[in-house]
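Trainee: Before I ask anything, let me first share the structure, which is written out below as structure tokens.
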Amino acid sequence: MERASLKKLLSAKDIQKEDINALIQLAAQFYEGFKQDKRQFHHLAKGRLMASLFFEASTRTRFSFEAAMYRLGGEILTLENGASSSVKKGETLSDMGRIVSGYADIIVMRHPEAGSVAEFAKHAHVPVINAGDGPQEHPSQSLLDMFTIWHFQNRLEGLSLGFVGDLKFGRTVNSLVALLSYFPSQTFYFVSHDSLRLSPEKVALLKAAGHTVIESNEMEAIIPYIDVLYMTRVQEERFSSKEAYEKVKDHFILNRNQLGGAKNNISILHPLPRVNEIAEDVDTHPGAQYFNQAEFGVVTRMAILADMLDIVPF
Ligand code: NCD
């Protein structure tokens, strides 16, 4: 049976394993096509409109979604600073979703509150993509992270994966761990300050699904064992005070020396922006893939948009 296209992308739960495989294949085809001519897909989304509504800071996510839509030949309506919208006048998110879905064919939205994008999508009648709802989820980032892992490791299962930093508030970790857990036999190393650990419920779910989970507050010791090292920024904006943030920031800083014992084909990822977590001397390490990862955002989001708009060319 043919796979149905995605109708919404609010959470990792909206994606099945077959969707991940299909979207990665599609992103890979766009990636290969880009090598010949980046302009060759510009007819696919002709006449389609994507609305991007951002109520929270973004560079990569908004730009790569907008670049993806333009590369497909579509057009965009953009609200870069949500504070300037009618929400200021008291409009509810669900009303706004209903209205904007009358103007656009697909909507990408980011908002600082957990569950806000689902609330917005409640009465929307076009596909809605969650581009980050507070500390909760960021599934399109996770698809591009999966594409990056597949690209550099040639597989998505049986991996040793190190997650370092803010595992409590980091939404990219939250969604990525969920997607990785669909593939068998993973070993997850979770390294964080005690106050920023992955929730015990999620750890229990991973173990119940048959994966190995090792929690630690020591980064260097795990480096020799891992295939993918996923560094994250401590999410300052989620802390109640500057002092609370100051106490836990800069706890894990990866530098070149610490990579001495790493596997030859280690892939070092980071959703970016980095603050201090990765020293600049790592940038020239052969495993440093975070800038490639950011670039893959365009082809992966082209795949997501093409799938959701039912304009897949291949
Ligand atoms: C991440 C986010 O917004 O959650 N950034 C991104 O989308 N590439 C990670 C972060 O801000 O730390």
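The values are calculated or read from the model by the stated rules, or taken from the named source; none is laboratory data. In this text, all values refer to a predicted model and were calculated from it rather than measured experimentally. Neighbour counts are summed over all protein chains in view; Cβ atoms, including those assigned to glycine, are modelled from backbone coordinates with ideal geometry. With ligands, DNA and RNA removed, areas are computed over all heavy atoms of the protein, side chains included. Shrake-Rupley method; radii C 1.70, N 1.55, O 1.52, S 1.80 Å.
Trainee: Across the stretch 118-133, what is the number of residues that are crowded, with 20+ Cβ neighbours inside 10 Å and either under 15 Å from the mean Cα position of the chain (by Cα) or not in a helix (DSSP H, G or I) (or both)?
Mentor: 9
Trainee: While we're looking at this one, here's another question. Quick one: SER175 ticks every box in (1) closer than 30 Å to ARG48 by Cβ; (2) open to solvent by 20 Å² or more (accessible area, probe 1.4 Å) bar one, so which box is it?
Mentor: Tallying (1) closer than 30 Å to ARG48 by Cβ; (2) open to solvent by 20 Å² or more (accessible area, probe 1.4 Å), SER175 fails exactly one: (2).
Trainee: Within the stretch 276-308, work out how many residues are more than 30 Å from GLN258 (Cα to Cα) and touching a Leu at 6+ places or on another chain (Cβ under 8 Å).
Mentor: Final tally of qualifying residues: 9.
Trainee: Another one. Condition check: of a type in the set (Val, Ile, Thr), crowded, with 20+ Cβ neighbours inside 10 Å and under 22 Å from LYS122 (Cβ atoms). Does ILE20 satisfy that?
Mentor: So ILE20 does not fit the description; no.
Trainee: From (1) open to solvent by less than 60 Å² (accessible area, probe 1.4 Å); (2) of a type in the set (A, V, I, L, M, F, W, C); (3) away from the ligand (no atom under 16 Å from the Cβ), pick out the condition that doesn't hold for ALA294.
Mentor: Condition (3) is where ALA294 drops out.
Trainee: Let me ask you something else. Taking the stretch 54-76 only, how many residues are under 19 Å from LYS8 (Cα atoms) and without any contact (Cβ under 8 Å) to a residue 60 or more places away in the chain?
Mentor: Number of matching residues: 2.
Trainee: Let me ask something else. Just name the residue that is surrounded by the fewest Cβ atoms within 10 Å (Cβ to Cβ) out of those in the stretch 143-170 that are near the ligand (Cβ under 10 Å from one of its atoms) and within 22 Å of ASN21 (Cα to Cα). Break it down into steps so the answer makes sense when it comes.
Mentor: Taking the stretch 143-170 first, the residues near the ligand (Cβ under 10 Å from one of its atoms) are 144-145, 165-166, 169-170.
After this cut, where a residue has to be within 22 Å of ASN21 (Cα to Cα) as well, the list is 144-145.
Values: LEU144: 30, ASP145: 26.
Checked the stretch 143-170; the qualifying residue surrounded by the fewest Cβ atoms within 10 Å (Cβ to Cβ) is ASP145.
Trainee: If you don't mind, there's one more thing I want to ask. Just the residues that are in a helix (DSSP H, G or I) and open to solvent by 40 Å² or more (accessible area, probe 1.4 Å), please, taken from the stretch 239-249.
Mentor: Answer for the stretch 239-249, where residues must be in a helix (DSSP H, G or I) and open to solvent by 40 Å² or more (accessible area, probe 1.4 Å): LYS242, GLU243, GLU246, LYS247.
Trainee: Continuing with the same structure: Looking for whichever is more than 16 Å from the ligand (Cβ to nearest atom) and crowded, with 23+ Cβ neighbours inside 10 Å here; the options are LEU305, LEU259. Which one fits?
Mentor: The match here is LEU305.
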